[in-house]
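The values are calculated or read from the model by the stated rules, or taken from the named source; none is laboratory data. It should be emphasised that the depicted structure is a prediction, and the values quoted were computed from it without experimental measurement. Quick reminder, even Gly has a Cβ in these numbers, built from the backbone with ideal geometry, and neighbours come from all protein chains shown.
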Amino acid sequence: MPRYSFSASYSPVGDLLVVSICLVMFILMLFSYNRRTSSFRIFLVTVATLVVACYADVAFNMLATLHKERFLPIVKVMRCVYHASLFIIFFLFVLYIGDVTQLNQKRRLRNTLIAGLILLVVVGVDVYDTVRGTSVVMGDDRLSFQSRGVFFYGYVAYVALILVLMTAVRKRLYRRVMLGFYGTMAMSFVVLLVQGAHGQSSFTAATFLYPMIGMFYIMHASPYDAAIGAIDSRGLEDTVKYNLENRKEFGFLSLYMHAFDEEGKSLPTHLQATIRRFATDFFRGAMLFQVGKGHWMLIYPIARNRNHEKRTKAMLDAFQAEYRLFQYDYKIVVGKSIDEVSRRNEYASFIRDIHRTIPENTVYTVGPEDVKRFNSNEYVLRELEDIYKKRDLNDPRVLVYCQPVLNIRTGRYDTAEALMRLKLERTGLVYPDRFIPLAEEYGYIHVLTEIILNKTCRQVRRLMEQHYAVTRVSINVSVLELKLERFCEDITRVIRRNDIPGEKIAIELTESMTDSDFILMKDKISQLKEQGIKFYLDDFGTGYSNLERIMGLPFDIIKFDRSLVVACSASERSHRIVNGLANMLAQLDYAVLFEGVETAGDETMCEGMSASYLQGYKYSKPVPIEKLAEYFEKEAA
């Protein structure tokens, strides 16, 4: 075997190290998830081109040291390939920046033309000089080449172009990302300077590697959750897009556990192991995505899982066996890719929409009606977003209906509950059970509350001006709103704007189950009660209500839910329990209101259980607030 001695100014170690790092990156990309974007494809070509450049550099220097003229044509080719590859990498850098920052076509074309022109000039001159042979020098120990400095000038031109381009797009990139790229480029310059000072040429290719490592780490690093193998939501969007573009059908299983939807709540180790196993054991080519806190989605290619129905059943059976061990509430949604949802890339929203309609511990299979409902809800959501952005307290799309409440002591209707409706062009009247969850989820609820409060206050003022006996009208408020710093200020401002006393308005709240919400609720209630506003505890008996919490909050009225009225009619035992609770609360100076009173029997029963107020269809269905005057009586002169 011949021995090759390289000149003092070059060692193959630098190039071979770069090749090994590039191969490591390829291995990591092979065994990790990578978004299949156009920028990622450019990145792959860039890395491959750098490997070609390194091998060309090693071959060029190895053959040059043999000092044999018969190798001269190959030496020339390797030199040209080496230089051309490096400048092609520069050209790809320009394409990559334009793609990542999503420059418009005009600016991207201009940058591409400039970069292409530099590439043609530099490579053209270099090939011309090399092929003509005028730059070849037969030294004592190797073939060497004299240069007009075209490589240096081309290098400087490309670096200047990239710096200008990076500066121009700085507002399109996160600042830390920009600093990361600048840092890798600075390191490249330092290595070039040190190399030049020592008459070296071994690490030129390495200076091209550093920005690539930056690209790989910052832009294409694997977003896996190492514990369970889940990929983040960006990966889901990219996978859906890839399957749609390539017309590949896929199936999905979605798992949601609300117990882990809270900030800082992590999965127990045994549950991590369960989800990790499910992601790999049942479907070929499946990928697991973390859609949100406590929400995961498994996607598998149907082409590789022809018996996917059988596999799905096996997985669900295994899940049920595990469920008996961990006992966390869940919602599972099963389905196949839907072109309409894929085109909009909205599977996370689509599944969340289904979650709102199914009970806990349910396995639900997606059907065509779910897409129709989702489309309709998306329209409602867009309208809610528009209402939120406009913040018009008189927005005509928000209607106020009222249900009169009977005061047993006076035998008159002097209070009412304001209820919200939406009236939209495409759907007509929309009821709260459909839009309130959307408004809460997307943060639009407080604006709706301000609108209904403003319209309620305006009508109360009119009734007062017409001398109707109005004790108060209540509005429903979401506990989520109490977390807003300006909540009390906003409520007070709207009431004062309409020039009515605070005691004419009441706020209905549903008790929260969390300690933090309990403390927050107590503070906000106390602040607003100073303005005379009354407070109702709504839906008592349906959720997590407990007497200790109730007595710790300064409520004025406790509303017993319709379900308790029904239970009292069906069971003597339930009747005694509800009667005891109502009597106790009345003795503690709470007013008791029974809602859902529909018959004379309901009325008689509730009157015998310390009721102060009755509300329900026996007296009136919800009516437009403008019709309250038909129920209220005018005050005596």
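Tabulated results
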read-out: Filter result for G532 (modelled with pLDDT under 90 and of a type outside the set (S, T, Y)); value: no
read-out: Those residues of the range 243-300 which are more than 22 Å from the chain's Cα centre (by Cα), modelled with pLDDT of 85 or more and more than 24 Å from T37 (Cβ to Cβ), in sequence order; value: D281, F282, F283, R284
read-out: Candidates E489, E417 - the one that is crowded, with 21+ Cβ neighbours inside 10 Å and under 24 Å from E530 (Cα atoms); value: E417
read-out: Tally, over the range 22-44, of residues that are under 15 Å from P211 (Cα atoms) and either in contact with a helix residue (DSSP H, G or I) (Cβ under 6 Å, 6 or more places away or on another chain) or modelled with pLDDT under 90 (or both); value: 6
read-out: Checklist (1) within 37 Å of the chain's Cα centre (by Cα); (2) among the small types (G, A, S); (3) more than 23 Å from P404 (Cβ to Cβ) applied to S571, failing item; value: (1)
read-out: For M521: the one exception among (1) under 38 Å from the mean Cα position of the chain (by Cα); (2) modelled with pLDDT of 95 or more; value: (2)
read-out: Any hit, the range 459-478, residues being touching a Cys at 6+ places or on another chain (Cβ under 9 Å) and over 23 Å from G292 (Cα atoms); value: yes
read-out: Meets criteria (touching a Phe, Trp or Tyr at 6+ places or on another chain (Cβ under 7 Å) and at pLDDT below 95) for E441; value: no
read-out: Where A259 falls short, out of the listed (1) touching a residue at least 60 places away in the same chain (Cβ under 8 Å); (2) under 24 Å from K241 (Cα atoms); value: (2)
read-out: Residue that is surrounded by the fewest Cβ atoms within 10 Å (Cβ to Cβ), among those in the range 21-53 that are part of a helix (DSSP H, G or I) and of a type in the set (F, W, Y); value: F26
read-out: Residue count for the range 56-102, restricted to those that are buried (at least 18 other Cβ atoms within 10 Å of the Cβ), within 30 Å of I218 (Cα to Cα) and not hydrophobic (A, V, I, L, M, F, W, C); value: 7
